[in-house]
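Following: one structure in structure tokens, then a few remarks.
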Amino acid sequence: MEHLNTLFASLAGWQGPASTILHIVLIIALAWGARRLVRLGLHRLRARLIEGGVDTEREKRLATLEQVARYILTVLILLVATMLVLAELGISIAPILAAAGVLGIAVGFGAQSLVKDYFTGLFLLLENQVRQGDVVEVAGKSGLVEEMTLRYIRLRDYEGSVHTVPNGVIDTVTNRSRGFAHAVIDVGVAYREDIDEVFAVMRQVGRELRADPDYASRIEDDLDIAGVDQWGESAVVVRCRFRVKPLEQWGVRRAYLYRLKKAFDAAGIEIPYPHLTVYAGQPKSGEAPPFPLAVAQAAA
């Protein structure tokens, strides 16, 4: 009997710590489960909102909102779980909260840039200026938005370099993937070429490109030729553009230039390179032929 009493007494002594450990394990398990439920619930909510088909713009915004909401809710769950664990360990939360309030004021004065990051990120999100999957230029850096939080935007440029830009340093956002884009193309031709013929070749190439099944869905309208944009040192520059789907402007531009080079070669239209012609004392009427620079250099 004495052995049983001793055993019960030992078990009673361990009852308090065992109960505390059990409660802590339960809190951690509930926090982990709540985090999983948040992730699953937000994912299903986004899937439900895009049921039946939505435009790409809204889908990208929903993906960004899901990521930010998941981040905020995860932080809240971790904070609540930490306070509950501290309470189980017998550590009073009230002094910690009071100290955290005083510390928060001190940190607020010393970390104004961090506070600015969060406020700027909040307004960027609410005003729908940037979304995950956009191609933007912010703070002198440009690239694809891989991740957006309330504190920073992470970009990956064409070379694969990753740029992390704090939201607080962003004062202007240039978004190249909102609604539609223009593939702007400058074409240089020799001064001796007939501009009307050049326009005709450019329009023909534009029609052929738009009729191509690989590009028909990317181009939204016919080629728009603005006209002669400038007189360069060795070329007449003609500016034109295609209205295209977002993020398709670069591919369409490269494809058009590739086809236009072949069409110019076939039509005998010269694409000039920088050169210099010297006129040595000829009259303004231009009766005498130009004096090539190579000849002038040889004579010198």
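The values are calculated or read from the model by the stated rules, or taken from the named source; none is laboratory data. Here the structure is a predicted model, which is why all the values come from computation and not from measurement. Here the Cβ is made from the backbone with ideal geometry for all residues, glycine too, and neighbour counts use every protein chain on show.
Out of all the residues in region 227-254, which are surrounded by 14 or more Cβ atoms within 10 Å (Cβ to Cβ) and in a helix (DSSP H, G or I)?
Passing the criteria: 249, 250, 251, 252, 253.
Looking at region 150-161, is at least one residue at pLDDT below 90, in contact with a Pro (Cβ under 7 Å, 6 or more places away or on another chain), over 28 Å from residue 243 (Cβ atoms) and not assigned by TED's automatic domain parsing to the domain that holds residue 246?
Yes: one or more hits.
Somewhere in region 121-129, is a residue closer than 30 Å to residue 233 by Cβ and either in a loop (DSSP other than H, G, I, E, B) or modelled with pLDDT of 90 or more (or both)?
No, there is no match, as no residue in region 121-129 is closer than 30 Å to residue 233 by Cβ and either in a loop (DSSP other than H, G, I, E, B) or modelled with pLDDT of 90 or more (or both).
Taking only region 149-176 into account, find how many residues are closer than 19 Å to residue 71 by Cβ and either without any contact (Cβ under 8 Å) to a residue 12 or more places away in the chain or part of a loop (DSSP other than H, G, I, E, B) (or both).
Number of matching residues: 5.
Go through region 131-148 and give me each residue that's assigned to a strand (DSSP E or B) and either crowded, with 22+ Cβ neighbours inside 10 Å or touching a Leu at 6+ places or on another chain (Cβ under 8 Å) (or both).
Those that are assigned to a strand (DSSP E or B) and either crowded, with 22+ Cβ neighbours inside 10 Å or touching a Leu at 6+ places or on another chain (Cβ under 8 Å) (or both): 135, 136, 138, 141, 142, 143, 144, 145, 146, 148.
If I ask for residues that are in a helix (DSSP H, G or I) and either of a type in the set (Val, Ile, Thr) or within 31 Å of the chain's Cα centre (by Cα) (or both), which ones from region 208-219 would you list?
209, 210, 211, 213, 214, 215, 216
Do you know which residues across region 183-208 are over 21 Å from residue 244 (Cα atoms) and either buried (at least 19 other Cβ atoms within 10 Å of the Cβ) or of a type in the set (D, E, K, R) (or both)?
Within region 183-208, 189, 192, 193, 194, 196, 197, 198 meet the criteria.
Within 29 Å of residue 217 (Cβ to Cβ), in contact with an Asp or Glu (Cβ under 6 Å, 6 or more places away or on another chain) and among the small types (Gly, Ala, Ser): is that true of residue 160 in this structure?
No, not satisfied.
Can you find a residue in region 171-179 that is more than 22 Å from residue 252 (Cβ to Cβ), touching a Ser or Thr at 6+ places or on another chain (Cβ under 9 Å) and not charged (D, E, K, R)?
No, region 171-179 contains no residue that is more than 22 Å from residue 252 (Cβ to Cβ), touching a Ser or Thr at 6+ places or on another chain (Cβ under 9 Å) and not charged (D, E, K, R).
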